[in-house]
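Asks: Handing you this structure, nothing more for now.
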Amino acid sequence: MVKCIAFVRYPLSRINRAIKLAPQKIRVNAIAPGLFQTDMMAHMEKPEMKAIYDIAVGMIPLQRIGGIDDMKGVAVFLSSEASAYMTGAVLVVDGSSTAK
């Protein structure tokens, strides 16, 4: 069974917990998403928001907003034994926006 804990707001808290929980084989990792198609972002798809939407997409090197399929693999990876040697990490899934 995979044990995981989500800490998003405080990076140092995540790292401290990763170190403290590692001996118990509990991994503490995080996903840092960029812009994704969610209910919260639905207003961006309205016609009156097209100019802002186009600017936002233009700032993403992959030239698109992320979808559910873009997040699935990362979530499965972190919840599987494939990430058994990872703790205290943040996986950025943002279409390479932070790499700019």
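Asks: So which helices (runs of 4 or more DSSP H) are wholly in region 1-86 and hold at least 3 residues that are within 28 Å of K100 (Cβ to Cβ) and modelled with pLDDT of 90 or more?
Replies: Answer list for region 1-86: 50-58, 68-78.
Table: residues versus (1) more than 16 Å from V93 (Cβ to Cβ); (2) of a type in the set (S, T, Y); (3) surrounded by 14 or more Cβ atoms within 10 Å (Cβ to Cβ); (4) touching a Lys or Arg at 6+ places or on another chain (Cβ under 8 Å).
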{"site": "R27", "(1), (2), (3), (4)": "yes, no, yes, yes"}
{"site": "L35", "(1), (2), (3), (4)": "no, no, yes, no"}
{"site": "M41", "(1), (2), (3), (4)": "no, no, yes, no"}
{"site": "M44", "(1), (2), (3), (4)": "yes, no, yes, no"}
{"site": "E48", "(1), (2), (3), (4)": "yes, no, no, no"}
{"site": "G58", "(1), (2), (3), (4)": "yes, no, no, no"}
{"site": "R64", "(1), (2), (3), (4)": "no, no, no, no"}
{"site": "D70", "(1), (2), (3), (4)": "no, no, yes, no"}
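The values are calculated or read from the model by the stated rules, or taken from the named source; none is laboratory data. Bear in mind the structure is a predicted one, so any value in this text is a computation, not a measurement. No Cβ is skipped: glycine too gets one built from the backbone with ideal geometry, and neighbour counts run over all protein chains shown.
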